[in-house]
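The values are calculated or read from the model by the stated rules, or taken from the named source; none is laboratory data. Owing to the predicted nature of the structure, the values given are computational and were not obtained by experimental measurement. Here the Cβ positions follow ideal geometry from the backbone for every residue, glycine too, while neighbour counts run over all protein chains shown. Surface accessibility is based on the protein's heavy atoms, side chains included, excluding ligands, DNA and RNA. Shrake-Rupley method; radii C 1.70, N 1.55, O 1.52, S 1.80 Å.
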Amino acid sequence: MNCFSVRPNILYFDHFDEFTRKFLIGPKDLLITNQKISDTWFREKIKTAALIIPSDYSEGEPSDQMIEYIYNDILYTAYDRVIAIGGGSIMDIAKLFSLKQITPALDLFQKSVPAVRSRNLILVPTTCGTGSEITNISNLNMISLHTKLGLTDDSMYADYAVLIPELLKTLPYSYFAISSFDALCHGVESYLSPAATPFTELYSKKTIDMVLRGYMDIAAHGPDSRFQSLDNYLLAGTYGGIAISNAGCGLIHALAHPLGSQFRIPHGQAVRALFTTVLKCYEKYAPDSKLCILTGYLSDLLYCAREDALERLEALIQAVLPFQPLHTYGVRLTDLRTYAPNIQNLQQKLLKNSPYQPTLKNIDEIYRSVY
Ligand SMILES: [Fe+2]
């Protein structure tokens, strides 16, 4: 049994200049980033590389349509290295452009076309939550299926995951909050996953510990206190990525995918909306799961009784990233009715990492309770 692996080499630089000196970005590079990062960090320094700004092609999270547009735009661009500097969406796109055949993306994601690596891949996170720099997963919104799908393939591991805490200094608080919450959710879901091992549990618990200690600082001293611990948040995001790349995400992520796809709810917001309700379902439907061990761990971190741990956790999260019901994002009850069969058909890879298997009725109840 293979219980643990970390594939990318991990590099750590205090400053972005150290990264550019090490990697000497040039004309054979395809650089994928967003406009703000390009303007802030390197537009004047790196002029020779081909630059892709995904939001120039379509709005929102990456989709199969966006991949098609970018692919057509760079059809005659020769590149042998893909460098992504950005959040999870940027890295999801970059992983695909390191492959030999990229389109049609649906064929790739449904495995009728094999994923074959043909370029080097360097991933630099500028948020502190997806852990995508360390995983072999790319998530894409499939327009025709009205949901996100994940492609997991070892051909998409980066050659280098590069951590540069300086890049987080310009991350606005709202993005910081949703990305760090995603890291927390990765820690929790990977810890509870039936695929967890003693090795993954170390990373899951450390992720939870680092994010919650930071959140307690924010609750006590305000949002700017995050600047004292940006390196910790960045590490927590990567630790969470290591945990999910080995033990997987579960029900919370499965239920979040159609919300991101159909209503463009940012991923961290979608998992935030579902988080506590799903954990309470675990308490109810999987009383023998590892949740009881987790609540013991949380009670130590949060200085409360075990039976109060989930309530205390929710209150702390609320101070950092307030709960927003789904209707505030434009979701309608009629939409939610269609989701449960969709989840059971398309998200089995995530559902198998849930401590219990929800029925259609149960999935519907979860959505309604956060509506
Ligand atoms: Fe996530």
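Using only the Cα atoms, what convex hull volume per residue in Å³ does the stretch 3-97 have?
In the stretch 3-97, the Cα hull volume divided by residue count equals 128 Å³.
Among the listed pairs 47/169; 111/148; 28/95, give every one whose C-alpha distance is greater than 19 Å.
Where the Cα-Cα span goes over 19 Å, the pairs concerned are 47/169.
Tell me what the chain gives for mean residue ellipticity at 222 nm when only DSSP H runs of n ≥ 4 count, each as -39,500 (n - 2.57), the sum divided by the residue total, rounded to 500 deg cm²/dmol.
After summing the helix terms and dividing by residue count, I get -14500 deg cm²/dmol.
In the chain, what percent of the accessible surface is made up of carbon and sulfur (1.4 Å probe, ligands and nucleic acids excluded)?
Carbon with sulfur: 52 percent of the solvent-accessible area.
What is the distance in Å between the Cα centres of the stretch 170-242 and the stretch 329-348?
Spelled out, the Cα-based centre of one part sits 28 Å from the other.
Among 3-13, 94-104, how do they line up by average Cβ neighbours within 10 Å per residue, starting with the highest?
Taking the mean over residues of other Cβ atoms within 10 Å, the ranking is 94-104, 3-13.
Please list, or write none, the aspartates and glutamates whose alpha carbon is within less than 13 Å of the alpha carbon of residue 205, excluding same-chain residues fewer than 8 places away.
189, 300
Give me the compactness ratio for the chain, meaning the Cα radius of gyration over 2.2 N^0.38 Å. Provide the component values of the computation, followed by the final result.
Working: Rg = 19.7 Å, N = 371, 2.2 N^0.38 = 20.8 Å.
Normalised Rg, Cα atoms only: 0.95.
How far apart, in nm, are the 7 Å Cα→Cβ label points at residue 360 and residue 103?
3.7 nm
So if I take the alpha carbon set of the stretch 162-283, get Rg, then get Rh from the Kirkwood formula, what is the Rg over Rh ratio?
0.97
In nm, to one decimal, how far is the modelled label at residue 6 from the one at residue 369, with both set 7 Å along Cα→Cβ?
3.6 nm
Say each of residue 221 and residue 38 gets a label point 7 Å from the Cα, pointing the same way as Cα to Cβ; how far apart are those two points in nm?
3.7 nm
Among the lysines, which have Cα under 21 Å from the Cα of residue 284 when same-chain residues fewer than 8 positions away are ignored?
Answer for residue 284, where 21 Å is the Cα cut-off: 352, 361, listed by chain and number.
When the label point is put 7 Å from the Cα of residue 286 along its Cα-to-beta-carbon vector, which residues of the stretch 331-368 have a backbone N closer than 13 Å?
The answer is 350-359.
Could you work out the equivalent-ellipsoid semi-axes for the stretch 9-167, taking the square root of 5 times each eigenvalue of the Cα gyration tensor, largest first, in whole Å?
Taking √(5λ) for each eigenvalue gives 24, 16, 15 Å, largest first.
I'd like the distance separating the alpha-carbon centroids of the stretch 90-117 and the stretch 18-53, in whole Å.
Between the Cα centres of the stretch 90-117 and the stretch 18-53 lies a distance of 23 Å.
Per residue, how much accessible area does the chain have with a 1.4 Å probe, in Å²?
Values: 15310 Å² over 371 residues.
On a per-residue basis, 41 Å².
For residue 264 and residue 169, calculate 0.36 nm times their separation in residues minus their Cα-Cα distance, and state this gained length in nm to one decimal.
31.6 nm is the gain from fully extending residue 264 to residue 169.
Label the stretch 84-165 by shape, choosing from rounded, prolate and oblate, from the square roots a ≥ b ≥ c of the eigenvalues of the Cα gyration tensor; if a/c is under 1.5 it is rounded, and otherwise prolate applies when a/b is larger than b/c, oblate when it is not.
oblate
Need the list of aspartates and glutamates near residue 100 for cross-linking: C-alpha distance under 17 angstrom, and skip anything on the same chain fewer than eight residues off.
Residue 100 reaches 29, 64, 68, 73, 80, 92, 153, 154, 159.
Pairwise over distinct Cα atoms, reciprocal of the mean inverse distance: report the Kirkwood radius of the stretch 286-371 in Å, one decimal place.
Roughly 15.1 Å, rounded to one decimal.
Sorted by packing (mean other beta-carbon atoms within 10 Å per residue), highest first, where do 199-208, 61-70 land?
Averaged packing, sorted descending, gives the order 199-208, 61-70.
Provide the gained length on full extension for the span residue 308 to residue 73, in nm with one decimal, where the gain is 0.36 nm per separating residue minus the Cα-Cα distance.
On the way: separation 235, 0.36 × 235 = 84.60 nm, distance 5.41 nm.
Stretched out fully, the residue 308 to residue 73 stretch lengthens by 79.2 nm.
Where both residues lie in the chain, what percent of DSSP beta bridges are antiparallel, nearest 5?
Numbers: 7 of 28 bridges.
About 25 percent, rounded to the nearest 5.
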